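Q: I'd like to ask some things about the structure below.
The values are calculated or read from the model by the stated rules, or taken from the named source; none is laboratory data. Note that the structure is a prediction, hence the values are computed from the model and not measured. Here the Cβ positions follow ideal geometry from the backbone for every residue, glycine too, while neighbour counts run over all protein chains shown. Areas reflect the complete protein model, heavy atoms only, side chains present, ligands, DNA and RNA absent. Shrake-Rupley method; radii C 1.70, N 1.55, O 1.52, S 1.80 Å.
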Amino acid sequence: MEKGSMFCALSDSKSAVEVDWIRRVKIIKVVAHALAYMHHDCIPPIVHRDVSTNNILLNSHMEGFIADFGAARLLYPDSSNQTVIAGTLGYIAPELAYSMIVTEKCDVYSFGVVALEIIGGKHPGDHLSSLNSWKGHGTPLEDILDKRLPYPTDISTEKEIMVVCNVAVECILTDPKCRPTMRNVCQELSR
């Protein structure tokens, strides 16, 4: 794709500024809809297993597309869905390391990390555990946002970013049963 990966765009200050708040929110929504389609509309469901900013490609209009389905796997209802760990370090759901069972909730976790990275401009890293309790209070929004972009002055954009952050935090909850489905994520992001 013409503009490379979201990871590359966020790594370069000039490109990062080109991906403004509205574009970032739109990219997050596109990825959410793609994963929801894979999880809920495909039979059997497909789990990507490597959702990361490296695997979100940008076209010349800075529109995002999920890519690299090399680690993707079909989920069969009568199977144990046991697997070897696949994916990019820092995006892999914690339960995969000890259970070795892949579910849609593994992609949900990775999506949450990606959404936080796109909004914050860098991988949330060690802040993931502290963000688990964020939920719109404690840490001000400006502490989470990418400092290379001006703080959003439009109320509707600020509200959309807040919704993205709240949804992303729900996606990275430690207990996979507490995470929303990608269909629920899309519904929240579409309000």
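Q: For V185, are the conditions met, namely being surrounded by 15 or more Cβ atoms within 10 Å (Cβ to Cβ), in a helix (DSSP H, G or I) and touching a residue at least 60 places away in the same chain (Cβ under 8 Å)?
A: yes
Q: Would you confirm, using the coordinates I've provided, whether R23 is on the phi > 0 side of the Ramachandran plot and either outside any helix (DSSP H, G or I) or open to solvent by 20 Å² or more (accessible area, probe 1.4 Å) (or both)?
A: no
Q: Inspect all residues belonging to region 116-139 and state whether any of them is part of a helix (DSSP H, G or I), of a type in the set (D, E, K, R) and at pLDDT below 95.
A: Among the residues of region 116-139, at least one is part of a helix (DSSP H, G or I), of a type in the set (D, E, K, R) and at pLDDT below 95, which makes the answer yes.
Q: Scan A72, A67 and give me the residue that is closer than 30 Å to M100 by Cα and over 14 Å from the mean Cα position of the chain (by Cα).
A: A72
Q: Residue pairs, Cβ under 7 Å, 6 or more apart or interchain, first in region 1-30 and aromatic (F, W, Y), second assigned to a helix (DSSP H, G or I). List them.
A: As it stands, the answer is F7/T53; F7/N54; W21/T157; W21/I161, since those pairs meet every condition given.
Q: Continuing with the same structure: Any chance region 88-104 includes a residue that's closer than 18 Å to N184 by Cβ, assigned to a helix (DSSP H, G or I) and not β-branched (V, I, T)?
A: Taking every residue of region 88-104 in turn, at least one turns out to be closer than 18 Å to N184 by Cβ, assigned to a helix (DSSP H, G or I) and not β-branched (V, I, T).
Q: Out of (1) in contact with a strand residue (DSSP E or B) (Cβ under 8 Å, 6 or more places away or on another chain); (2) open to solvent by 40 Å² or more (accessible area, probe 1.4 Å); (3) at pLDDT below 80; (4) within 12 Å of R49 (Cα to Cα), what's the single condition that is false for V84?
A: (1)
Q: Which residue is nearest to P140 (Cα to Cα), if the candidates are limited to region 159-176 and must be part of a helix (DSSP H, G or I) and aliphatic (A, V, I, L, M)?
A: M162
Q: Return the residues of region 50-64 that are surrounded by 15 or more Cβ atoms within 10 Å (Cβ to Cβ) and closer than 18 Å to V164 by Cα; say none if nothing qualifies.
A: V51, S52, T53, I56, G64
Q: Further question: Return a yes/no flag: does region 40-49 have any residue that is open to solvent by less than 10 Å² (accessible area, probe 1.4 Å), part of a helix (DSSP H, G or I) and touching a residue at least 60 places away in the same chain (Cβ under 8 Å).
A: No - not one qualifying residue is present in region 40-49.
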